[in-house]
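J.: The structure is given below, and queries will be raised subsequently.
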Amino acid sequence: MRTLLASLLILIVIPATIALGIVVLDDRNYYFISLLIILYTMIPFAMVFESRKPQARELIIIAVLTAIAVAGRSAFFMLPQFKPVLAIVIIAGVSMGAEAGFLVGAMAGFVSNFFFGQGPWTPWQMFSFGIIGFLAGILFKKGWLKRSKALLCVFGGLSAILIYGGLMNLSSVTLFASTFNKEALLAAYASGIWFDLVHAAATVIFLFLLSRPMLEKLDRIKTKYGLIER
């Protein structure tokens, strides 16, 4: 039930909210849209605790993963698109579950943009980061995504190009192009492919370096403190 609700919110309600911001609010109230996305994200995440009260340590681990993603994005600010955010988000989804993966991704996009600049692109980035964390959690739970470095790297690289790059290139046309047509869309994807490839390479590198030690550390923390069950 929780996963179904999360899927409906993430795949239908959040895209509809972003569309509402574009069409009705003319992209002027992106803070409001961003906060709505965070609120939607927290609903299925809160359902993890429906049968018990959450403990501070269970929420701290989510905050720490978000902080690592934000710090990683800031630390590599001089290298366009070469960021570890997607790697951290994927690790969060695999270790802590799909809902936590989306929450870490959405919060990382929102908070880090206080350093990189908030704008109408923020909800798109939040959704793009979050949906990859959500998919990582779902695929891992279904057994289709394993903890091996090779599979995580393949998933991360493809996600950076097809999902994050696909959505952000679409947002560029939606937000900034004077007309929305096939030519403008193809131009956006063509001009963005090099950035997407750099982002994919960074995600693969950081997953190769960080996935095993971080997943092992998170497993030990979950075992010791009985953290969020998937």
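J.: In a helix (DSSP H, G or I), over 28 Å from W144 (Cβ atoms), touching a Phe, Trp or Tyr at 6+ places or on another chain (Cβ under 8 Å) and without any contact (Cβ under 8 Å) to a residue 60 or more places away in the chain: is that true of F115 in this structure?
T.: Yes.
J.: Condition (residue is modelled with pLDDT under 70, more than 18 Å from M168 (Cα to Cα), of a type in the set (D, E, K, R) and exposed (fewer than 15 other Cβ atoms within 10 Å of the Cβ)) applied to the range 29-52: is it met by at least one residue?
T.: Checked against the condition, which is being modelled with pLDDT under 70, more than 18 Å from M168 (Cα to Cα), of a type in the set (D, E, K, R) and exposed (fewer than 15 other Cβ atoms within 10 Å of the Cβ), the range 29-52 yields at least one hit.
J.: Something else: Criterion first (under 19 Å from the mean Cα position of the chain (by Cα) and either under 19 Å from F76 (Cβ atoms) or of a type in the set (S, T, N, Q) (or both)) does N181 satisfy it?
T.: no
The values are calculated or read from the model by the stated rules, or taken from the named source; none is laboratory data. The structure presented is a predicted model; accordingly, all values stated were derived computationally and were not measured. Note that we place each Cβ from the backbone using ideal geometry, even for glycine, and neighbour counts take in every protein chain shown.
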